[in-house]
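Student: If you scroll down you'll find the structure; I have some questions about it.
The values are calculated or read from the model by the stated rules, or taken from the named source; none is laboratory data. Note that the structure is predicted; figures quoted are calculated from it, not measured. Every residue, glycine as well, gets a Cβ built from its backbone with ideal geometry; the counts of neighbours run over all protein chains shown.
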Amino acid sequence: MRPSATALLGWLPFLVLGPVLIRATPASADEPLASLEYPVKASLLLNFARFTEWPPGSPQASSPTVSICVLGTDPFGSVLDATVERRSLRGRAVVVERYGSLDGIEGCHVLFIASSERDRLPEVLATVAESPVLTVSESDGFEDRGGMVHLLVADNYARFSVNLVPARQTRLRLSSKLLSVARSVHGAAR
């Protein structure tokens, strides 16, 4: 079943946290409603960066740009580039970087790990385990395998779950505004 445009966007009280470049309805009756999935996810990646604080002294904190990286087969195409075009966070330009190998990924701010990398997920997470890189994926069980943010479409709504344990291990601070709209938060203080 394809998600409806209203269903994909209806969950988005999160949109008040930042601008999003998507249409509320398809441009034509021929345009598939599922085509809204990646514009919504691209906007979420930008908002994840907006509501994450990197530790002082880290390369990410002192970088002149904020990098949103994609590792593996890119499901976004040009949508992610269009979403971050001319955007800035805390006075720094937002850039998109794409990686086919693990070389250099520890310098990313946000790392989207594509489903194509599912089999080498332990190696990917080990590569960034000591670096303050916000890891995001849509692979099933991502947060249970040590990832930080799992993106999913459930009940025709775009949602995400957060695992704070690996985020804390790298000294990343995720805003309470971000956590308040998560589907679930693992490792939260009780």
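Every residue, every condition in (1) without any contact (Cβ under 8 Å) to a residue 12 or more places away in the chain; (2) over 15 Å from residue 172 (Cα atoms); (3) in a loop (DSSP other than H, G, I, E, B), yes or no:
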position	(1), (2), (3)
40	no, yes, no
86	yes, yes, yes
93	no, yes, no
102	no, yes, yes
132	no, no, yes
139	no, yes, yes
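Okay, residues lined up against (1) surrounded by fewer than 22 Cβ atoms within 10 Å (Cβ to Cβ); (2) among the basic types (Lys, Arg); (3) at pLDDT below 95:
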residue: 30; (1), (2), (3): yes, no, yes
residue: 34; (1), (2), (3): yes, no, yes
residue: 37; (1), (2), (3): yes, no, yes
residue: 40; (1), (2), (3): no, no, yes
residue: 48; (1), (2), (3): no, no, no
residue: 53; (1), (2), (3): yes, no, no
residue: 66; (1), (2), (3): no, no, no
residue: 71; (1), (2), (3): no, no, no
residue: 74; (1), (2), (3): yes, no, no
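Residue by residue, here is whether (1) part of a loop (DSSP other than H, G, I, E, B); (2) hydrophobic (A, V, I, L, M, F, W, C); (3) free of Cβ contacts under 8 Å to residues at least 12 places away in the same chain holds:
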site	(1), (2), (3)
37	no, no, no
44	no, yes, no
55	yes, no, no
69	no, yes, no
83	no, no, no
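Student: Inspect all residues belonging to the range 114-137 and state whether any of them is of a type outside the set (A, V, I, L, M, F, W, C), closer than 15 Å to residue 51 by Cα and touching a Phe, Trp or Tyr at 6+ places or on another chain (Cβ under 7 Å).
Tutor: Yes, there is a match, as at least one residue in the range 114-137 is of a type outside the set (A, V, I, L, M, F, W, C), closer than 15 Å to residue 51 by Cα and touching a Phe, Trp or Tyr at 6+ places or on another chain (Cβ under 7 Å).
Student: Separate question: Within the range 86-104, does at least one residue satisfy the condition of being in contact with a helix residue (DSSP H, G or I) (Cβ under 6 Å, 6 or more places away or on another chain) and of a type in the set (S, T, N, Q)?
Tutor: No, the range 86-104 contains no residue that is in contact with a helix residue (DSSP H, G or I) (Cβ under 6 Å, 6 or more places away or on another chain) and of a type in the set (S, T, N, Q).
Student: Looking for whichever is under 20 Å from residue 63 (Cα atoms) and either loosely packed, with under 14 Cβ neighbours inside 10 Å or modelled with pLDDT under 95 (or both) here; the options are 118, 90. Which one fits?
Tutor: Just a single option satisfies the conditions, and that option is 90.
Student: Restrict the check to the range 148-166 and report whether at least one residue is modelled with pLDDT under 95, at positive phi, in contact with a Pro (Cβ under 6 Å, 6 or more places away or on another chain) and surrounded by fewer than 18 Cβ atoms within 10 Å (Cβ to Cβ).
Tutor: yes
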